[in-house]
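J.: Sending over a structure as structure tokens; questions will come in a sec.
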Amino acid sequence: MHAPNFDPKSVVVFGHRFHDVTFGEAVSWAVSRMKSGPPSYMATVNLDFVMQARRDPEMQRILLEADLVTADGDPLVRTSGLFGPRLRQRVTGSDLVPMLAGACADEGLRVFLLGGADGVAEKTAAVLKIRNPGLKICGTYAPPVTGLLDMNHGEILRRLRLAKPDLLLVAFGAPKQEKFINLHFRSWGIPLAVGVGATFDFIAGVQKRAPSFMQKWGLEWLWRLGSDPRRLFRRYASNLLFLVSTLKRLRRMYWHAPRLCWLQESKLDFGLCESGLLGRGQVIEVSIADRDWLSSDDLGRIVGVAAHLRRRGGRLVLHGATPKLRQLLVEARLAGYLELRGSEAEARSRVGELRSGRTLGGMYFDGERLVLRMPAECSVSGLSRWVRTVSRGMAKQPASVFLDAAESEYLDTAGVMWLLRTRRDCNRKGILFSTSRFRGSARRALLLAGVEQLFCPQH
């Protein structure tokens, strides 16, 4: 992946990084990526996304590491100013997609529409072409509605390879569309992918958007609730409860923070991290012991550096946080992502562990049993190395395979798919397959995927 671009600046709201961009800046960024950038993805995030990410470690990771994240929700824009610089504009996916289509028509770039109900992508393409003469729609496809693990990924990728789009719009709904993009964007060669939710329905006229005055005053949610109360009431009620309870906790912490600290200019210095000149696999240790507090833009810079390092197989390790600052990072669900440690000694121990390769997993034979020690993170970005390791062991035709998940900290969809494939291959070959119990966020990933019972023995 590319070196990070720290302009536009970002802020952290409710534990998620948002880039402070206007519609025009987002479109300019997208066109630049489509014309010359490496494969990347953009996310337009509303409050429901933030709630989902609180329950789903993979969704959280995807949003933290997206190349551009815009606030597609008035509550996010309004509350951003409570803890640091306020986001300048709400950049919604429903408004952004027509603008991107116009820019693609002007620049001669190709667009592919993926997802939506039967016929909706075609209607959307027809509307966009009428509005933007010369727009190159290189394909539409609505795969059968099924879970992410059961989709025919090969067929979808085949169509995308033939179409060769510059922009891929994915309308599977969250979190399926984000997980699908994250699963493939590193390898499919498409410059930019965007998850667009119900945007096809709005453009095609299947659903009607709220009047402009309701959009302006942040009341679009009320219009949508009135149009589909049975489906949306519980969602919006839970969104409201989350917003109120989280704001209450955060305001209490910020009230006791050093006076006006979030209005002061940030003095955090990450040097080479922000220049993008670091090599692959770098592990950086940073003390925040001299910081009384971190504003939302401070957190934006820190998360941006951590995301950049993780993209390149590295890690940022923080230590020395005050009790109040630690409380903030825990509340934002960022302590694990930022590898927060209490003392310098604990941080250096973690740095040594990361640099030694211990967290990358391994294998050994115990008689005729192949023991696979799972990597700490079994994810799409580092799965190829692990697959090669396992293939070498399986080539020796062991009588049984034991998967040691004691050190597994994180699983994404690619990791879950690998687990299912390995278990299926063992069963097909008559190899006894067993595993130790997964814990924490790795077990949560199995639970969300509906396969926990296959990999978490009861006894």
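J.: So if R0 is 45 Å, what FRET efficiency would Lys9 and Ala117 give, r being the distance between their Cβ atoms, rounded to the nearest 0.05?
T.: About 0.75, to the nearest 0.05.
J.: Ok, one more. Starting from a Cα-only point model with no solvent, please compute log10 I(q)/I(0) by Debye for region 10-207 at q = 0.16 1/Å.
T.: Log10 I(q)/I(0), no solvent term: -1.01.
J.: Another question, if that's okay. At what distance in nm do the modelled label points of Thr22 and Leu432 sit from each other, each positioned 7 Å from its Cα along Cα→Cβ?
T.: Taking the two extended label points, one gets 6.8 nm.
J.: For Lys179, which lysines qualify as cross-link partners when the Cα separation must be under 22 Å and same-chain residues fewer than eight apart are set aside?
T.: Within the straight-line cut-off, Lys179 pairs with Lys164.
J.: Hey, another quick one. Sorted from fewest to most neighbouring beta carbons within 10 Å, what does the list Ile203, Ile137 look like?
T.: Least crowded to most crowded, the residues run Ile137, Ile203.
J.: Report the FRET efficiency, 1/(1 + (r/R0)^6), for Ser36 and Arg388, where r is their Cβ-Cβ distance and R0 is 30 Å, rounded to 0.05.
T.: Calculated transfer efficiency: 0.40.
J.: Further question: Among Glu339, Glu368, which comes first, second and so on when ranked by fewest other beta-carbon atoms within 10 Å?
T.: If I rank by nearby Cβ atoms, fewest first, I get Glu368, Glu339.
J.: Using 1/(1 + (r/R0)^6) with R0 = 51 angstrom and r between the beta carbons of Glu155 and Arg54, what's the FRET efficiency to the nearest 0.05?
T.: After rounding to 0.05, the efficiency reads 0.95.
J.: Treat each spin label as a single point 7 Å out from the Cα along the C-beta direction, and report the Thr146 to Trp188 distance in nm.
T.: For the pair Thr146/Trp188, the computed spacing is 1.7 nm.
J.: Under a no-solvent Debye model with one identical scatterer per Cα of the chain, what's log10 I(q)/I(0) at q = 0.11 Å⁻¹?
T.: -0.95
J.: Just how far, in whole angstrom, is region 327-365 from region 435-457 if you go by their alpha carbon centroids?
T.: 21 Å
J.: Towards the positive end of the charge dipole of the chain, with charges on Cβ (+1 Lys, Arg; -1 Asp, Glu), say which of Gly281, Ala174, Val330 has the farthest Cα.
T.: Toward the positive end, the furthest listed residue is Ala174.
J.: Another question, then. Cβ neighbours within 10 Å, averaged per peptide: list 435-442, 408-415, 357-364 in order, most packed at the top.
T.: 408-415, 435-442, 357-364
J.: By how many nm would the segment from Lys129 to Phe402 grow when fully extended, if each residue of separation counts as 0.36 nm and the alpha-carbon distance is taken off?
T.: 92.8 nm
J.: So how much slack lies between Lys324 and Ser238, counting 0.36 nm per residue of separation and subtracting their Cα-Cα distance, in nm?
T.: Stretched fully, the Lys324-Ser238 segment lengthens by 28.2 nm.
J.: Give the long-range amide H neighbours of Val317: residues separated by 5 or more places, or on another chain, with amide H under 5 Å away, using H modelled in the peptide plane at 1.01 Å from N.
T.: Distant-sequence amide H within range of Val317: Ile284, Glu285, Val286.
J.: Could you put Arg234, Arg110 in order, starting from the residue whose Cβ has the fewest other Cβ atoms within 10 Å?
T.: Final ranking by Cβ density, sparse to dense: Arg234, Arg110.
J.: Now a separate question. Which value at 222 nm does the chain reach when only helices count, each DSSP H run of 4 or more adding -39,500 (n - 2.57), with the total divided by all residues and rounded to the nearest 500 deg cm²/dmol?
T.: -14000 deg cm²/dmol
J.: Each label point is 7 Å from the Cα along the Cα-to-Cβ direction; what then is the distance between the points at Ser287 and Tyr364, in nm?
T.: My value for the distance between the label points is 3.7 nm.
FYI, it's all coordinate maths here, none of it is from the lab. All values reported here derive from a predicted model rather than from experimental measurement. Neighbour counts run over all protein chains shown; Cβ positions are idealised from the backbone, glycine included.
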